[in-house]
Amino acid sequence: MTRWPTLQQAQRAHKDTLEDFFHSNYIRDIQKIAKRVNAIKEAIPLTEDEAVIDTHSLFMTALLERIICAMKHIKLFDHKIAELMKILPDAELFTGLPGAGACLSARLLSAFGEQRDRFTSAQQLQQYAGIAPVTERSGKKSWVHWRWQCPKFLRQTFIEWASHSIYSSYWDNEVRYLRALKDRGSPLLD
């Protein structure tokens with residue numbers, strides 16, 4: 001964005017330059033790159049009013065500088081978290097969880113914390129985190145929903161970990177195997 005703050009400048013860039021830009025930003029799919037380069041070259045500007053283009057270009061440059069600054073500080077946070085995970089006594093427990101990885105293991109460790117007597121049961125932690133369902137009843141009606149009042153980032157941590165752990169669990173491989181057999185029409189599943 002700092003190289004080509006306007007559509008006209010991006011359209012004047014050579015095709016190889018744009019391809020190199022996408023490669024340097026970890027986009028490796030040749031078809032995607034070609035599609036994006038073509039989209040840039042064939043794009044029609046919404047306006048050609050210099051006042052509008054210049055002000056929005058300056059605004060986008062200012063926003064981009066903020067994003068770059070934020071990304072730099074996020075890297076510093078990630079580095080500090082990685083250092084802390086090396087020295088915390090319970091880190092090994094959480095890094096060993098299936099599908100947790102470096103990011104989710106740190107988030108799970110902070111979710112449980114060092115004061116483990118805070119929750120007397122798994123259900124209390126689930127309720128606090130917002131992953132335990134809530135059942136409401138009134139008369140003959142009953143409905144289930146998730147908790148609205150909870151730490152949203154904590155709930156998201158457990159949801160993300162659950163989705164990542166599926167791929168590293170033994171039963172997921174079994175389910176995939178059975179689905180493959182079923183898709184092939186295996187008589188074993190009749």
Give the range 129-176 a look and list any residue that's surrounded by 15 or more Cβ atoms within 10 Å (Cβ to Cβ), within 21 Å of F119 (Cα to Cα) and out of contact with any strand residue (DSSP E or B) (no Cβ under 8 Å at 6 or more places or on another chain), or say none. A129, G130, I131, A132, C150, L154, R155, T157, F158, W161
Check E19 against each of (1) more than 29 Å from the chain's Cα centre (by Cα); (2) charged (D, E, K, R); (3) surrounded by 11 or more Cβ atoms within 10 Å (Cβ to Cβ) and name the one condition it does not meet. (1)
Please give the number of the condition S57 fails out of (1) closer than 28 Å to Y167 by Cβ; (2) surrounded by 10 or more Cβ atoms within 10 Å (Cβ to Cβ); (3) among the small types (G, A, S). (1)
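Results for (1) assigned to a loop (DSSP other than H, G, I, E, B); (2) out of contact with any Gly (no Cβ under 7 Å at 6 or more places or on another chain); (3) under 27 Å from L97 (Cα atoms); (4) at pLDDT 90 or above, shown as yes or no for each residue.
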{"residue": "A132", "(1), (2), (3), (4)": "yes, yes, yes, yes"}
{"residue": "T135", "(1), (2), (3), (4)": "no, yes, no, yes"}
{"residue": "S142", "(1), (2), (3), (4)": "no, yes, no, yes"}
{"residue": "R155", "(1), (2), (3), (4)": "no, no, yes, yes"}
{"residue": "E160", "(1), (2), (3), (4)": "no, yes, yes, yes"}
{"residue": "S163", "(1), (2), (3), (4)": "no, yes, yes, no"}
{"residue": "E174", "(1), (2), (3), (4)": "no, yes, yes, no"}
{"residue": "K182", "(1), (2), (3), (4)": "no, yes, no, no"}
{"residue": "G185", "(1), (2), (3), (4)": "yes, yes, no, no"}
The lone condition K72 fails out of (1) under 21 Å from the mean Cα position of the chain (by Cα); (2) under 30 Å from G96 (Cβ atoms) is (2)
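The values are calculated or read from the model by the stated rules, or taken from the named source; none is laboratory data. Keep in mind that this is a model prediction, so the values were computed, not measured. Because the Cβ atoms are built from the backbone with ideal geometry, glycine has one as well, and the counts that use them run over all protein chains shown.
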